[in-house]
1. With θ set to phi - 60°, apply the Karplus curve 6.51 cos²θ - 1.76 cosθ + 1.60 along the stretch 107-119 and write out the HN-Hα couplings as whole Hz, x wherever there is a Gly or Pro.
2. Top to bottom by accessible area (1.4 Å), largest first, where do S267, S344 land?
3. Taking square-rooted eigenvalues a ≥ b ≥ c of the alpha carbon gyration tensor, is the stretch 268-385 rounded, prolate or oblate, where a/c under 1.5 means rounded and, failing that, a/b exceeding b/c means prolate?
4. For the stretch 329-415, what class follows from the C-alpha gyration tensor (a ≥ b ≥ c being the square roots of its eigenvalues): rounded when a/c is under 1.5, otherwise prolate if a/b is larger than b/c, else oblate?
5. Is the stretch 368-441 rounded, prolate or oblate when judged by the Cα gyration tensor, a ≥ b ≥ c being the square roots of its eigenvalues, rounded requiring a/c under 1.5 and prolate requiring a/b larger than b/c?
6. Cut-off under 17 Å on the C-alpha distance; same-chain residues fewer than 8 positions from K396 excluded. Which aspartates and glutamates are left, in chain and number order?
7. In what order, largest first, do Y337, Y387 sit by accessible area if the probe radius is 1.4 Å?
8. Could you work out which residue, out of A390, A67, A354, moves most in a Gaussian network model of the chain, that is, has the largest mean-square fluctuation with Cα springs under 10 Å?
Amino acid sequence: MNEQTSLFENDGAQPLASRLRPRTLDEFFGQKHLLGEGKVLRRLIESDNIGSMIFWGPPGVGKTTLARIIAGRTKAEFIDFSAVTSGIKEIKQVMEQAERGRRFGAKTILFVDEIHRFNKAQQDAFLPFVEKGSIILIGATTENPSFEVNGALLSRCKVFVLQALKADELTALLRRAVTDERGFGGQRVDISDELLRVIAEFANGDARSALSTLEMAILNGAQTEDGTVVTAETIEQCTSKKSLLYDKSGEEHYNLISALHKSMRNSDPDAAVYWLARMLEAGEDPLYIARRVTRFASEDVGLADPRALEIAVAAYQACHFIGMPECTVHLTQAVVYMSVVPKSNALYMAYESAKKDALTMLAEPVPLVIRNAPTKLMKELEYGKGYKYAHDSADKLTTMRCLPDSLADREYYRPTDEGAEARFKTRLAEIKEWKKKHSDE
């Protein structure tokens, strides 16, 4: 719970990213969709008309920095609060402090980093103070707030989505770091624009990572009479990742994930693990890979092995819990599993087929027999009339039709003979045969 001023004491000992932290909106890099001239967040900040808000975006895009700029513009007391180290007791102490300040006309901005790590009770503790204006809550999260922040709290906050910085923006930031007095402007540093671009590409949209890599490269650069010289070899040695040169245009990012996906689809675990390693060692976000593997589990495996989805989700959770480099083994387990299990794209094909009908036949009414009838009027209109409750049948089946009449004969899900899906295919055939027999009766 340090206040803003304490963060700038002993500037010389601060890492480059801290020394170069933007102090004004004009120094801020990226987020032009929110902070460009005339854009919504800039207008709110400049008019000192901000309310509680959530910043959602990947690491190193300026969530904390933006909160501090807001605090400076509004002349509010700024309290930096970590969801990792704080509990209910600390929350209540801070809220009491903010409430005392409100009574004397003081404004308090409470910045909560990683707000998604608070549980429901902890998040609920903020609610009454947000509602009566004791605090302006600014939360930061790398996770989707729709799933990670309580609905009651989320409804009282405006969500702003911050984007990963573009390579051009990071290159400009690095160039400023070399010339700014708060960076290395007081030294003579020889580093080419091409190498600054390499660092920017390697950082994958993360300004903090880019500045840290630059700082390490300069501190380990060759010392000459003319100053410090940074070469490509210096950067490779500092990162221990020669593959950082791979992604100059951004295309390779998609090429590699495609290679992983198609290797798993082709049941080639060796290739899948290789492409996985290529991505992770080049700095790819493990959660991004885990999300793609989760998609694969249903798109390409599906009911041929229903456990595939469980394993993919478990791998995502493991990556979230422990991060790199420990989570590499969890992703390896997941991609090898996806590679060797039976494959089926029947679920993917079923949805794509149903989607086509859903988009072209939007006006098809829900059959009356399967409509809910919670009111007297609906019952009079024959909502639910003739509905058959499957559990009342000995076979747990009925002949009731649930598709609209115009789609009565449609078959979207067509199971394969692969793996466990063969059992579903047999079961579905039995269901259809039972319905045909009893319909004829």
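The values are calculated or read from the model by the stated rules, or taken from the named source; none is laboratory data. Small disclaimer: the values here were computed from a predicted structure and weren't measured. Cβ placement follows ideal geometry from the backbone for every residue including glycine, while neighbour counts extend to all protein chains displayed. Please note that ligands, DNA and RNA were not included when accessible areas were found on the heavy atoms of the full protein model with its side chains. Shrake-Rupley method; radii C 1.70, N 1.55, O 1.52, S 1.80 Å.
1. 9, 10, 9, 9, 9, 10, 7, 6, 4, 5, 7, 6, 7
2. On the way: S267 60, S344 5 Å².
Highest to lowest solvent-accessible surface, that is S267, S344.
3. Numbers: a/c = 3.35, a/b = 2.58, b/c = 1.30.
Prolate, since a/c reaches 1.5 and a/b exceeds b/c.
4. Values: a/c = 2.68, a/b = 2.02, b/c = 1.33.
Cα axes put the stretch 329-415 in the prolate bin.
5. Numbers: a/c = 2.41, a/b = 2.05, b/c = 1.17.
Note, shape of the stretch 368-441 comes out prolate.
6. Answer for K396, where 17 Å is the Cα cut-off: E430, E433, listed by chain and number.
7. On the way: Y337 55, Y387 125 Å².
Solvent-accessible surface, decreasing: Y387, Y337.
8. Answer for the Gaussian network model of the chain: A390.
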